[in-house]
Every structure is written in C-alpha cells, then in structure tokens.
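The values are calculated or read from the model by the stated rules, or taken from the named source; none is laboratory data. Since the structure is predicted, the reported quantities are computational estimates derived from the model, not experimental observations. So basically every Cβ, Gly included, is an ideal-geometry build from the backbone, and we count neighbours across all protein chains shown. Quick note on the areas: whole protein, heavy atoms, side chains included, nothing else; ligands and nucleic acids left out. Shrake-Rupley method; radii C 1.70, N 1.55, O 1.52, S 1.80 Å.
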Amino acid sequence: AGRDVIAGRPGALSAGAVAVFFLYLRRLYSPMRRVGKSANRYQLAKSSAERVFGLLAQEPSVTSPADPYTPETVEGAVTFDSVTFAYDERPVVRDVSLDVPAGATVGLAGATGAGKSTLLKLVPRFHDADEGTVSVDGVDVRAYDLQSLREHVAVVEQQPYLFSGTVAENVAYGDREVLDGESADDPAARERVRAAAEAAEADGFIRDLPEGYDTQIGERGIKLSGGQRQRVAIARALLNDPEIIVFDEATSDVDTETEERIQESLDRLVEDRTAFVIAHRLSTIRDADRIVVMDEGEVVERGTHAELLSADGHYADLWAAQADERPVSADD
Ligand SMILES: Nc1ncnc2c1ncn2[C@@H]1O[C@H](COP(=O)(O)OP(=O)(O)OP(=O)(O)O)[C@@H](O)[C@H]1O
Ligand SMILES: [Mg+2]
C-alpha cells in the first residue's frame, strides 16, 4: 500500500493526507492520554474517599460512659495507678504510678521516645490505659463525661494544630460558648480571646499582624513561626481556665527570645492549677515542685532539681549533656 501513496492513484492517500492523518493521530493521542490519567486520578480519589469514609464510620474507642460523671468543680488532683499503655503490642508506658496533688507543677524529662507525651495523653483520654487507672480527684477519667473532662484538662501539644481561619477563631477553637452559636465576633467572646492571648504572651505579636486578631492563618493565610504557633496554642488552652494543664514543649529550635517569651507564658500557665510540663530543655522545669524522669516507658527517677542533681543519676546526665546549650549559671 506504500506504493499507492507515492503513485497517487485515484482513491489512494496522497502524501499530504498521510501527513495530516499522523498529525491528527498525534492530536488524538494527547487527549487519550489525558483520559487515561484522569481515570488513574479517579481511582486514586476513589480509594482516598473510601479511606476517609471508613474513618468517619469508625466508632470512636473513647466515649462517655452511659451514666457520666459531670462535676460542678474540679480540684485538679491527678493519680496514675500502675498504668500501662501500648499503641500496638509494645508497651510505651509501663506500670507508671504517680500521685500529683491539686495545684502542683510536675516536670517531665527523659529521652526522645521515652513515653512522656503518651503518658499525659491519657489524662484527657486521647487514649485509654490498657492496664491501671488514671484518675482526676480520685475518680477514674473513664467515668467522666468526656466533654466535661476535656474542659478541665487542657493540652498544649508538642506540635500544636492550627487550622485555616483567623487567629481569634484559632484561639476560640473548642470553646463551648463559641461552638454553641456565639460567634468569635461576639464582644464578650472576643474579650475572652484577648485575655487568654495576653496571658499567653501572644497579644503583642497578634496585634502586630496585618489584621490583628482577624488575620487569616493556615493554608490561605500567613505562616506563623513555631514559637508563635505554640503561644496561640497556649492561649487556646487558657481560654477555658482549666484546672489541669499539660504543656508539651516544642522540640523544634526556637530562638532565645521566643524561648524566653514561652517561658514567661509558661509561668502564667502553671499558676493556680495542676500542671504537667514536658521539657526538652531541662531549664524549663528546674523550678518545678517535682521532676519525673522517664526512660523506655518507665519512671526511673523523681525528685526536685536539686535532689536529682545530687542523686547523680539519669537526670544529672541529661542536665550535664545540655550544659553547653544553656547560658552559664552559678550552680552548674
Ligand atoms: N500515634 C502513635 N502510634 C504509634 N506509636 C506511637 C504513636 N505516638 C508515639 N508512638 C511511639 O511511642 C513511643 C513513645 O512516644 P512519645 O511520643 O510518648 O515519646 P516522648 O517521650 O514524648 O518523645 P519526645 O521527647 O520525642 O517527644 C515512641 O516509640 C513512639 O514512636
Ligand atoms: Mg513527646
């Protein structure tokens, strides 16, 4: 048939027609490929959607009991009684017992992966203990109305979660009055947001943002630094004036000034409430009433800063290891 083209017989294809044919073929090819790609993308989207719906359909394992305990007031005493917890098979919290009176400040130290964050997630029931009991004011946390428990126990996470929205909305996040229909624009709600931000040493930098408390942050807005994010999270935690607070210090590097500001907000944070402060820089917790040192899921030491230094054990090693990260002080 090749010869027919060249010969130009009637009814055969001319060379020009063949060229045009290939041109059109190429034009057809690219949309075909796109259809193929879309089909692929459709498959991907479909399996993601299935996973999302699967997640939504999952029964939460942590729920309020049938006859929940909703106390009027909470003192804030926290007890861990032989608590063990595993994410899978391997326990990351092993047989931990701690008795913390209301109003005390407990510092937590220990190597990365020791189980510090996990242990304290058991108080607001982000997870439930596999063995043993965590109680608040002598009552098992599993007996509490879940929402009520979480109003009394606030957590400032190691990597705070901020969503796309204004700064004010991010501070008010989880606030019952705001959730119940009162918007973050309500003057009383706004005043509470501002007071919490002030206590968190965040009011100053928020005012300096282009639109103050109404500045959009997150995906479509401006990006906050690690220290700023943590201070927004502290403000959020302070909003409900909880009796128990867990502060999980960010591991990421923050500059000295930010560190000082966070330390200042931390002092306000622990005042007049039961506080657990997980420290990566041990200088954060040297004034704590008691320091608990964890290693591989277990509590290996407890005492004040001075006691632990003279015990010359695990804590003293950690303290010595961080010596070059600290400004020189008299008692090193
Ligand atoms: N959601 C999770 N699922 C499975 N394993 C986890 C999860 N979170 C933590 N782990 C594991 O549990 C162990 C304890 O982690 P945890 O975050 O409590 O340690 P940590 O003492 O807070 O450490 P860091 O100082 O790095 O914050 C680690 O081995 C960690 O990998
Ligand atoms: Mg942690």
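How do the pairs read when you match residues in the range 157-170 that are free of Cβ contacts under 8 Å to residues at least 60 places away in the same chain with residues anywhere that are among the basic types (Lys, Arg) and more than 14 Å from ligand 1 (Cβ to nearest atom), using Cβ under 8 Å and keeping only pairs 6 or more apart or on different chains?
Hits for this filter: SER164/ARG220; ALA168/ARG190.
Evaluate the following for THR166: is it more than 16 Å from ligand 2 (Cβ to nearest atom) and within 18 Å of ARG273 (Cβ to Cβ)?
Considered against the rule, which asks whether it is more than 16 Å from ligand 2 (Cβ to nearest atom) and within 18 Å of ARG273 (Cβ to Cβ), THR166 comes out as no.
Please go through the range 260-289 and pick out each residue that is of a type in the set (Lys, Arg) and either within 16 Å of ligand 2 (Cβ to nearest atom) or touching a His at 6+ places or on another chain (Cβ under 8 Å) (or both).
ARG281, ARG286
Pick out the one residue from GLU191, GLU131, GLU201, GLU211 that is of a type in the set (Asp, Glu), touching a Lys or Arg at 6+ places or on another chain (Cβ under 8 Å) and open to solvent by 30 Å² or more (accessible area, probe 1.4 Å).
Details: GLU191 fails: touching a Lys or Arg at 6+ places or on another chain (Cβ under 8 Å); GLU131 fails: touching a Lys or Arg at 6+ places or on another chain (Cβ under 8 Å); GLU211 fails: touching a Lys or Arg at 6+ places or on another chain (Cβ under 8 Å).
Criteria check complete, one pass: GLU201.
Can you tell me which of (1) of a type in the set (D, E, K, R); (2) at positive phi; (3) not assigned by TED's automatic domain parsing to the domain that holds ARG236 is the one ARG125 doesn't meet?
So the condition that ARG125 fails would be (3).
Take ALA111 and tell me if it is more than 14 Å from ligand 1 (Cβ to nearest atom), in contact with a strand residue (DSSP E or B) (Cβ under 8 Å, 6 or more places away or on another chain), among the hydrophobic types (A, V, I, L, M, F, W, C) and open to solvent by less than 100 Å² (accessible area, probe 1.4 Å).
It is false that ALA111 is more than 14 Å from ligand 1 (Cβ to nearest atom), in contact with a strand residue (DSSP E or B) (Cβ under 8 Å, 6 or more places away or on another chain), among the hydrophobic types (A, V, I, L, M, F, W, C) and open to solvent by less than 100 Å² (accessible area, probe 1.4 Å).
If LEU119 satisfies all but one of (1) closer than 16 Å to PRO68 by Cβ; (2) within 16 Å of ligand 2 (Cβ to nearest atom); (3) of a type in the set (A, V, I, L, M), what's the number of the condition it fails?
Only one criterion is unmet by LEU119, namely (1).
Answer yes or no: is there a residue in the range 315-330 that is modelled with pLDDT of 90 or more, basic (Lys, Arg) and away from ligand 1 (no atom under 16 Å from the Cβ).
no
Does the range 68-83 include one or more residues that are open to solvent by less than 80 Å² (accessible area, probe 1.4 Å), within 16 Å of ligand 1 (Cβ to nearest atom) and either among the acidic types (Asp, Glu) or over 20 Å from GLU151 (Cα atoms) (or both)?
Within the range 68-83 (the criterion being open to solvent by less than 80 Å² (accessible area, probe 1.4 Å), within 16 Å of ligand 1 (Cβ to nearest atom) and either among the acidic types (Asp, Glu) or over 20 Å from GLU151 (Cα atoms) (or both)), the answer is yes, since at least one residue qualifies.
For the range 248-266, check the following and say yes or no: at least one residue is surrounded by 21 or more Cβ atoms within 10 Å (Cβ to Cβ), within 16 Å of ligand 1 (Cβ to nearest atom), part of a strand (DSSP E or B) and touching a residue at least 40 places away in the same chain (Cβ under 8 Å).
yes
All but one of (1) in contact (Cβ under 8 Å) with a residue 12 or more places away in the chain; (2) more than 30 Å from THR251 (Cα to Cα) hold for LEU108; which doesn't?
Of (1) in contact (Cβ under 8 Å) with a residue 12 or more places away in the chain; (2) more than 30 Å from THR251 (Cα to Cα), only one is false for LEU108: (2).
Residues are listed down the side, and each one gets a yes or a no for (1) of a type outside the set (Val, Ile, Thr); (2) outside any strand (DSSP E or B); (3) at pLDDT below 90; (4) more than 16 Å from ligand 1 (Cβ to nearest atom):
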| residue | (1), (2), (3), (4) |
| --- | --- |
| THR118 | no, yes, no, no |
| PHE126 | yes, yes, no, no |
| SER135 | yes, no, no, yes |
| ARG142 | yes, yes, no, yes |
| VAL155 | no, no, no, no |
| TYR161 | yes, yes, yes, no |
| ASN170 | yes, yes, no, yes |
| GLY174 | yes, yes, yes, yes |
| SER183 | yes, yes, yes, yes |
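For ARG281, are the conditions met, namely being open to solvent by 20 Å² or more (accessible area, probe 1.4 Å), within 16 Å of ligand 1 (Cβ to nearest atom), more than 17 Å from the chain's Cα centre (by Cα) and of a type outside the set (Asp, Glu)?
For ARG281, the condition - open to solvent by 20 Å² or more (accessible area, probe 1.4 Å), within 16 Å of ligand 1 (Cβ to nearest atom), more than 17 Å from the chain's Cα centre (by Cα) and of a type outside the set (Asp, Glu) - is met.
So which residues in the range 53-67 are of a type in the set (A, V, I, L, M, F, W, C) and loosely packed, with under 10 Cβ neighbours inside 10 Å, if there are any at all?
LEU55, LEU56, ALA57, ALA66
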